[in-house]
1. If I stretch the segment between Ala116 and Arg17 completely, what's the gain in nm (0.36 nm per residue apart, minus their alpha carbon distance), one decimal?
2. Let me cross-check Ser37: its accessible surface, 1.4 Å probe, with only protein heavy atoms counted, in Å² to the nearest 10?
3. What is segment 68-111 by shape, rounded, prolate or oblate, if you read a ≥ b ≥ c off the alpha carbon gyration tensor as root eigenvalues and call it rounded for a/c under 1.5, prolate for a/b larger than b/c, and oblate otherwise?
Amino acid sequence: MTAKEKPAPHAGDAELRSRERDERKNKFLEQLFKGQSVVAACRAIGADRRTPYRWREFDLRFKALWDAATAHGDPIEREAVRRAIMGTRKPIFRGGEKVAEVVEHSDTLLMFLLKARDPARYGTATQKAKKDDTPDDNLKGARDALLSKFAALDQRD
């Protein structure tokens, strides 16, 4: 087949390559979340070591997930971040056979991670109030109560 006879690339080919690349990115990130090194994660997906660094440069979501995967030294916390952000694969069965798979993210884990990271912003109203209170604010109520008691005592005299 000559160059002239070669069929034109199909639009679906680019979509397929993009989907395959996304799957490789996710597998790479899963390896990082499991505590693997970049080299080991590259080996797991059969990629050159430079490939994920190129992905990281042009894909902000990938960069954020990479940072999240490597920011936490505790494997339990790392797993919580992975489940909250990347999700877990859940099979769907119909008639006893697996027909599909969905990715479920844990909103609850994400909520707890946000509260732990910044309780003043994502915590309860009590936690927010504690951050917003200054020492003077905390004492103001007590000072006002004492002043009103003293005023009541003065009026009795």
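1. Details: separation 99, 0.36 × 99 = 35.64 nm, distance 3.83 nm.
Full extension of this stretch gives 31.8 nm more.
2. Approximately 60 Å² for this residue.
3. Details: a/c = 3.85, a/b = 2.79, b/c = 1.38.
Cα axes put segment 68-111 in the prolate bin.
The values are calculated or read from the model by the stated rules, or taken from the named source; none is laboratory data. Every value quoted in this text rests on a predicted model; they were computed, and no experiment measured them. These accessible areas exclude ligands, DNA and RNA; they are computed on the full protein's heavy atoms, side chains included. Shrake-Rupley method; radii C 1.70, N 1.55, O 1.52, S 1.80 Å.
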